[in-house]
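Read through the structure below, which is laid out as structure tokens, and then see the notes.
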Amino acid sequence: MKRALLSALLALSLTLPALTPALAVQPEEVLPDPALESRARAISQELRCLVCQNQSIDDSNAPLARDLRVLVRDRLQAGDSDAKVMEYVTDRYGDYVLLRPPFKATTLVLWIGPFAVLLLGAIGTFLFLRGRRGVAAGADTAPLSADERRRLDALLRKDD
């Protein structure tokens, strides 16, 4: 009984860290002013890690994400507003650094691309299935000639 309990506790202790979110912000990055730190965290959650690409810089442990977190905090300490910090970062790195890029001509592919791929997939699936239905129904085959019909009947009688 003790062994089973110890095994369960060991398994729990090994899986628990995997269930908690990893905080990438290092203690030395945290600003002493809680209001500024809160603003920095909010901005960091809106910026994409350029290395990881699917994580915010707030969640990423990549060195470039750390540099961007420090940059955001430096701009806030310099007195920039949240909008000015976002403008500064996007001017340097482009709209790609935003996790939610604006809808404009240069980001049109990011917004319409997934829907276009989905539509093309649906059309391709429809055409594929329509083509298979025609083959299954025998639409592409010619009827049997009288000679072929006799041979088929003979073969079927032979199996009986």
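The values are calculated or read from the model by the stated rules, or taken from the named source; none is laboratory data. The structure presented is a predicted model; accordingly, all values stated were derived computationally and were not measured. Cβ coordinates were reconstructed from backbone atoms using ideal geometry, including for glycine residues, and neighbour counts include every protein chain displayed.
Determine which member of the set Ser81, Ser7 is exposed (fewer than 13 other Cβ atoms within 10 Å of the Cβ) and modelled with pLDDT of 75 or more. First the steps, then the outcome.
Working: Ser7 fails: modelled with pLDDT of 75 or more.
After ruling out the rest, the residue left standing is Ser81.
The set of residues in the stretch 65-93 that are among the small types (Gly, Ala, Ser) and over 20 Å from the mean Cα position of the chain (by Cα) comprises Ala78, Gly79, Ser81, Ala83. Pro101 satisfies every condition listed in (1) closer than 26 Å to Gly113 by Cα; (2) surrounded by 13 or more Cβ atoms within 10 Å (Cβ to Cβ); (3) modelled with pLDDT of 90 or more except (3).
If I filter the stretch 49-64 for residues that are over 21 Å from the mean Cα position of the chain (by Cα), modelled with pLDDT under 90 and of a type in the set (Asp, Glu), do I get at least one hit? No, because not a single residue in the stretch 49-64 is over 21 Å from the mean Cα position of the chain (by Cα), modelled with pLDDT under 90 and of a type in the set (Asp, Glu). Could you please let me know if Pro101 is in contact with an Asp or Glu (Cβ under 9 Å, 6 or more places away or on another chain) and without any contact (Cβ under 8 Å) to a residue 12 or more places away in the chain? Taking the combined requirement at face value, the residue satisfies it.
Whether a residue is modelled with pLDDT of 90 or more and under 30 Å from Ile43 (Cα atoms) was assessed, and Ala146 does not pass this test. Taking the criterion of being within 16 Å of Ala42 (Cβ to Cβ), without any contact (Cβ under 8 Å) to a residue 12 or more places away in the chain and not polar (S, T, N, Q), the residues of the stretch 75-98 that qualify are Asp80, Ala83, Lys84, Glu87.
Do we have Val51 as touching a helix residue (DSSP H, G or I) at 6+ places or on another chain (Cβ under 6 Å), within 19 Å of Val30 (Cβ to Cβ), assigned by TED's automatic domain parsing to the domain that holds Pro32 and in contact (Cβ under 8 Å) with a residue 12 or more places away in the chain here? Let's see the steps before the verdict.
Details: touching a helix residue (DSSP H, G or I) at 6+ places or on another chain (Cβ under 6 Å): yes; within 19 Å of Val30 (Cβ to Cβ): no; assigned by TED's automatic domain parsing to the domain that holds Pro32: yes; in contact (Cβ under 8 Å) with a residue 12 or more places away in the chain: yes.
The answer is no for Val51.
Looking at the stretch 45-160, what helices (runs of 4 or more DSSP H) fall wholly within it and have at least 2 residues that are farther than 30 Å from Ala35 by Cα?
On the way: elements: 63-77, 82-93, 108-136, 146-159.
So the answer is 108-136, 146-159.
Here are some residues: Arg130, Arg92. Which one is surrounded by fewer than 10 Cβ atoms within 10 Å (Cβ to Cβ) and among the basic types (Lys, Arg)?
Numbers: Arg92 fails: surrounded by fewer than 10 Cβ atoms within 10 Å (Cβ to Cβ).
Sole residue among the options that is surrounded by fewer than 10 Cβ atoms within 10 Å (Cβ to Cβ) and among the basic types (Lys, Arg): Arg130.
The residues of the stretch 51-64 that are closer than 16 Å to Thr90 by Cβ and either touching a Pro at 6+ places or on another chain (Cβ under 8 Å) or surrounded by 17 or more Cβ atoms within 10 Å (Cβ to Cβ) (or both), listed by number, are Ser56, Ile57.
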